[in-house]
1. Using the 10 angstrom Cβ neighbour count as an exposure proxy, how do A:286, B:98, B:146 rank, fewest first?
2. Please build a GNM for chain A, connecting alpha carbons under 10 Å apart, and tell me which residue among A:170, A:30, A:183 fluctuates the most.
3. Give me the tail of P(r) for segment A:181-239 as a percent: Cα-Cα pairs with distance above 13 Å.
4. Could you work out which residue, out of B:359, B:289, B:148, moves most in a Gaussian network model of chain B, that is, has the largest mean-square fluctuation with Cα springs under 10 Å?
5. Can you give me the Cα centroid spacing of segment A:214-230 and segment A:244-289 in angstrom?
6. Loop-only check: which GluC sites (Glu not before Pro) in segment B:63-106 are DSSP coil with at most 10 other Cβ within 10 angstrom?
7. Roughly what angle does helix B:223-233 make with the longest principal axis of chain B, taking Cα atoms, 0 to 90 degrees, to the nearest 10?
8. In Å and whole numbers, how far do the C-alpha atoms of segment B:249-347 stretch along each principal axis, longest first?
Amino acid sequence: MSDSVIGRKGAFRLPSYVFLLFPAVAFILIMYAYPFILSFVKSFELDGAFSTANYKKAVELYYMDITFTFLVTLFNSTLATLLGVLLSVYFRLNDSFISRTLIKLYRIPIFIPFVVVAQMMNSFLAPHGILNLFLGKIGLIDLDNPLQLFNFAGLSFGFAWKLIPFTVMIIFGGFQMIDNSYIEAARSAGAKLHQIIIKILIPMNGSSILVAMVLVYSQIVGTFTLPYMLIGGKIPTTITVDIAHRVNYYRDFGVANALGVFSYIMVIVTAVYYLRMNMKDAKIAHPIG
Amino acid sequence: MRKSLIILLVLLLSAGLVFAGGKKEAGKIVLMTAGDTNMLAIQQNVLGPQFAAKNPGTGLISVHTGPGNAGSQRIYEKLLAESESNKEVWDIDVAIVHEIFMKWAMDKDLLLPFAKENDSWKYVTSPFAKTTLGVNIEGYGIPMFHSQTAIAYNPQFVKNPPKTYAELEKWVKDNPGKFGYNGVKGGASGVSFVVGWVYWKTGRYEKLAVTGPVEQSEIASWEGAYKALEDFNQNVTYTAGNVGTLDALNRGEIWMGPVWVDMFFTFMKEGKLNPETRMILPDPGMPGQPMYYVIPKKAANPELAKKYIAYATSPEVQGKEIVEKFNWYPGIDGSFLEGKVPPEVYKKIYSDVTPADLQKKGLSFPLADYHTAMLESYEKWVRK
């Protein structure tokens, strides 16, 4: 080592960890940070000059879609987290044939890509799709006037189907870390089921529940396939569909970038929270000094 | 340290060799196509092998960039990048592209003017080979096929299909929810329906699609047309894309909707559509579009590329493959196909939408600026 160029006495010497970090940091800078910053900068550009026209147009044409996207995201991440918690509680506290089978099965949707989910939901939720035909056969609805599900409701159903297993995976993992003795102690002190859930399980597992929610939230904001294939041309639709439309039909990257910035704004709160929590965890694991 | 430096250098060198791409094999045509998967299928499995069998020592490497304008856009970006980096020889020999590509590529001078000396130019009579979206492209492309939109309907429920947009508007009011289309963001059959609507409401097809000029006051005058469309939409079922409209027709969810004629026939042939379903082209007409064969300006094998295009647009191939197998309208003049296509195929393709219909009501998409304005106006004025 002593005969290497950088090791020579008096020469500038880079700390060796720089070499270790370089590939990862360079990758992140080139593949993520650069496009991210560029899209932000370009959203303020029109014909090469600074302008806020892209934002004006984005708001004028798409304010309904922006609101719609935010509502879809908020509703579905809350729903997925809530149902994720309930299912995880069931898996944690109930040891039966059914729960054991479900534990083996529930992960399947995680591995199915959104495009497949979208096609599936298309034939399942269509006015004369599987669901409506089934409900029609058992006499619950009239097939001439079936449930219309290519909208907020159907989109939410698709997201729930795909994302609840994901939240369960994270939250159930957290619940499994909680020692049985806590639950037994609470039970012997006379705690009821809901008290065990609210006072023991959820507080002891708060961070993983929030992580699940944050991850699901940012996934929904960025999903294109499901809304495109389910409610593509409808009004309102999600901003990912609008971004594709701006680029494909108008080659208008300015407004597309501005819409992108709106989605950054939607996720930034959760992203900051997620990073802070990660840093807190890291400090606990490796206290400095 | 020295050792690791040497290893790194060797790795870099070998990576360079692997990714450099090397010289292209002579006799291989590189073809890039936009469009649906059937576009890849016809080149890769049908025309490519046929051409190679007729011309020993040649071959076709086909690349697919995806459906819609987005697919053409990828080809455009590739050519633009090669042009801007001043590359002497470009990678693509033949490209198959949409109308809008022609405008982009002509603006940046990316194409070779090859068509007029091509063997098959004498069969080309389509006005789309001269101008497209108001841009003069004569000599730069040969239509591979022509695609048309029309209104498909289920005769079980629709005994007297509306013959005009005006009748359709009334029909939809009387039969709420039974007409379906995909808006303007869910695929081009919806776009085409909306464009036809504007042609009808304004009555200025010539100005909007052929002569121009592009005027802001013209665009501003469409508000009423779009507000009427917004009302119309209240009784419409939105479908999930071009395929979504056909699926919904097949499942009986809707009784009528705009479709691409070639997709209609393909669905029919594959048994995915009720065989009773029919089509009608309402007055004043709906737009259609060709896809073009083009040769990039600095293609590596321009002579071979020309030969390939001449083959692909010969009456034999146009009749047997384009019309009979893939159900498109031919890119060249239909009169040259007589005797090349079995009469029953000819009859099937031209029974609902007749050649006379196509002549009169097969419109083109508007001038590029009006096209953009029509889509944006939809987003601006159709809010429900």
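1. On the way: A:286 7, B:98 28, B:146 22.
Going from least to most buried by this count: A:286, B:146, B:98.
2. Of A:170, A:30, A:183, the Gaussian network model singles out A:30 as fluctuating most.
3. On the way: 1207 of 1711 pairs.
The answer is 71 percent, as a whole percent.
4. B:359
5. Taking the Cα centre of each part, segment A:214-230 and segment A:244-289 sit 14 Å apart.
6. Within segment B:63-106, the qualifying GluC sites (Glu not before Pro) (loop, at most 10 other Cβ atoms within 10 Å) are B:88.
7. Helix B:223-233 and the main axis of chain B meet at about 80 degrees.
8. 51, 31, 29
Read-outs: derived from the displayed coordinates by stated rules, not from any lab. It should be emphasised that the depicted structure is a prediction, and the values quoted were computed from it without experimental measurement. Quick reminder, even Gly has a Cβ in these numbers, built from the backbone with ideal geometry, and neighbours come from all protein chains shown.
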